[in-house]
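Heads up: the structure comes next, in structure tokens.
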Amino acid sequence: MSLQKIKNYINGELVTPSNGSYIDNSIPATGEVYSLIPNSNKIDLELAVNAAESAKDDWANTSAEQRAAILCKLADIIDANSDQLAKAEAIDNGKPLSLAKSVDTYRSAANIRFFAHACTQFSSESHSMENTAINYTLRDPIGIVGCISPWNLPLYLFTWKIAPALASGNTVIAKPSEITPMTSYLFSKLCIEAGLPRGVLNILHGTGPTIGAPLVKHPKIKAISFTGGSSTGAHITQSTAGMFKKLSLELGGKNPTVIFSDCDFEETVNTVVRAAFSNQGQICLCGSRIYIEHTLYDKFRQAFVEKVSKIKIGDPLDKETQHGALVSKDHMDKVLSYIKIAQEEGGRILTGGKQFHMAGRCANGYFVEPTVIENLGNNCRTNQEEIFGPVCTLMPFDTEQEALELANGTQYGLASSIWTNDLKRAHRMAKNIEAGIVWVNCWLLRDLRTPFGGVKSSGVGREGGLEALRFFTEPKNVCIKY
Ligand code: NAD
């Protein structure tokens, strides 16, 4: 059987990589290689930059209303193709089809529609100096920008970056993860259908070292919006030092879930299970360190473990499946190695802990059981390092101060959730927790207008709403004397 060859999208056309070189793309649920990804290099990058350069002025001078109209059309086309996109995402990534449909493709269209509308509402500041002068701020597109995204929410995070970049008038060179390239390839076809002008968006496929690294260092690419691991973020920061690019870095997390005994018990258990294991625990916002007030610990542990042990693992394409495959064999091996480390550190596995084997089509798939571990200290590797899989730990605490110290006791600071009915305590915790995002009595409730991002090793800058439009524009102040 000949394998489908994914193509780059350069200057409005689907093209093969200049060197004719490809890498394998596998189905996580079966282990089978099913398509080939362009192993793009600097020649492809140069073609993309030239296309983006040629399109830059026209796109920047296209009115916000016209840009919004094209983007809204693209969002509608995504909606019209959502079944096909969701199935492609479930095959390529291993996530349950139901999740791909309700979260990934839904949000991909929503991202584009949201920023299409947002750019027509964007305004800049004016500062009056009483009787002396008036200042106004112009916000122009930056020019050519780079967008690099990871594999866990492939089209969702790809569009989350591209949409504000395009809406604010930039031309874009985008690189999806080489581990999940399929939906961004399908998306490039939808861009052609929507009538996105040539060169406005260019999508290059390939690995981090061969195409990601040259992309971030290209002198004509003036801003980089990156989502991925903290070590890659550090590498990008170092490799672009001295080039004075704008950088937005959305990086890893090790998010705390803090549960007080006055929480709404059932709602807390249900949502905390979802927070720990959605997308097989492969969401940067997943709550993997669960701190429970001592007085509630035994009751919570029993209800939580009972619910986790009932999560239905299965073929991602099966409607009933709640927990699919991990994204790759390498990633599965990494997650299993952390479960071993947890045991060596003295952790007690309450449920899960093993690779999950299935018969039939998925016999060679990369499935890992949802795993809950207790009896570990806060400073062990299991509780300090990002596992990014279906593994969480339970830890008791006695006081609010102790909970705060435990929650803040890692290098990461992306998201957090707090479960309590004490309003004052919720405010205190929200203020003092070291995280860019705090959910109180909820998780992953997203308003696209809000600032999104992390502190400490979880990132620099914020995405979402006006923050994203500000990132993708260059402010220029004009001061006019009266
Ligand atoms: P990764 O850092 O390995 O790769 C991310 C992207 O960067 C990929 O497209 C990859 O090809 C590219 N890349 C790799 N090396 C590069 C280099 N030297 N220069 C330029 N690009 C390079 O991350 P991943 O394994 O794909 O994704 C998982 C990580 O992403 C986790 O740490 C997770 O927490 C994080 N993540 C963060 C957020 C957030 O919003 N903060 C969201 C999703 C995922």
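The values are calculated or read from the model by the stated rules, or taken from the named source; none is laboratory data. None of these values were measured; they are calculated from a predicted model. Heads up, the Cβs are rebuilt from the backbone with ideal geometry, glycines too, and the neighbour counts pull from every protein chain shown. In case anyone asks, the SASA skips ligands and DNA or RNA and just uses the protein heavy atoms, side chains included. Shrake-Rupley method; radii C 1.70, N 1.55, O 1.52, S 1.80 Å.
The label-point distance for residue 460 and residue 445, in a model that sets each label 7 Å from Cα toward Cβ, rounds to 3.3 nm. Can you tell me the orientation of helix 182-194 relative to the chain, as the angle in degrees between its alpha-carbon axis and the longest Cα principal axis, to the nearest 10? For helix 182-194, the angle is close to 40 degrees.
Using 0.36 nm times the number of residues separating residue 430 and residue 137, minus their current alpha carbon distance, what extension gain do you get?
Taking residue 430 through residue 137 to full extension adds about 102.2 nm, to one decimal.
Where both bridge residues fall in the chain, DSSP classifies roughly 40% of the beta bridges as antiparallel. Centre-to-centre separation between the Cα atoms of the range 100-118 and those of the range 282-351: 28 Å. One chain, two ends: residue 126 and residue 333. Fully extended at 0.36 nm per residue, the span grows by 69.1 nm beyond their Cα-Cα distance. Rolling a 1.4 angstrom probe over the protein heavy atoms with all chains in place gives the range 148-226 an accessible area of 20 Å² per residue. For the chain, the mean residue ellipticity at 222 nm estimated from helices alone is -11500 deg cm²/dmol, where every DSSP H run of n ≥ 4 contributes -39500 (n - 2.57) and the total is divided by all residues, rounded to the nearest 500. For the peptides 278-287, 229-238, 36-45, the ranking by mean Cβ contacts within 10 Å, running from highest to lowest, is 278-287, 36-45, 229-238. Gyration tensor over the Cα atoms of the range 255-447: the corresponding equivalent ellipsoid has semi-axes (square roots of 5 times the eigenvalues, largest first) of 28, 17, 15 Å.
If I take R0 = 25 Å and measure r between the Cβ atoms of residue 65 and residue 217 in this structure, what FRET efficiency does the formula 1/(1 + (r/R0)^6) give, to the nearest 0.05?
It comes to 0.10.
For the range 340-408, DSSP calls about 50 percent of its internal beta bridges antiparallel.
By accessible area, using a 1.4 Å probe on protein heavy atoms only, the range 81-147 has 53% of its surface on carbon and sulfur. Between helix 106-121 and the chain there is an angle of about 50 degrees, using the helix long axis and the longest principal axis of the Cα atoms.
Order of 86-98, 186-198 by packing, highest average Cβ count within 10 Å first?
Final packing ranking: 86-98, 186-198.
Beta bridges assigned by DSSP with both partners in the range 255-447 are antiparallel in approximately 15 percent of cases. In the range 255-447, the portion of solvent-accessible area held by carbon and sulfur atoms comes to 48 percent [1.4 Å probe, whole percent, DNA, RNA and ligands not counted].
Segment residue 54..residue 375, full-extension length gain: 109.6 nm, with 0.36 nm per residue of separation and the alpha-carbon distance subtracted.
Entry comment: accessible area of the range 255-447 is 42 Å² per residue, from protein heavy atoms only and a probe of 1.4 Å. Under 20 Å from a label point set 7 Å out along the Cα-to-Cβ vector of residue 207, the amide N atoms of the range 221-241 belong to 227-237, 239. Taking only Cα atoms, what is the 0 to 90° angle, nearest 10, from helix 82-93's long axis to the longest principal axis of the chain? The angle comes out near 60 degrees. Note on residue 309 and residue 358: their simple-model spin labels are 2.2 nm apart, each label 7 Å out from Cα toward Cβ. Considering only 156, 435, 75, the residue lying farthest towards the positive end of the dipole of the chain is 75, judged by Cα position with unit charges set on Cβ. A straight line joining the Cα centroids of the range 398-433 and the range 439-455 runs 15 Å. Taking a point 7 angstrom from the Cα of residue 243 along the C-beta vector, which residues in the range 46-73 have backbone N less than 14 Å away? Answer for this model: 46, 49. Its relative contact order, with pairs defined as Cα atoms under 8 Å and 6+ residues apart, puts the range 255-447 at 29 percent. Beyond 18 Å in Cα-Cα separation lie the following of the pairs 5/189; 101/175; 431/456; 245/456: 101/175; 245/456. The value of relative contact order for the chain, using C-alpha pairs under 8 Å at least six residues apart, is 19 percent.
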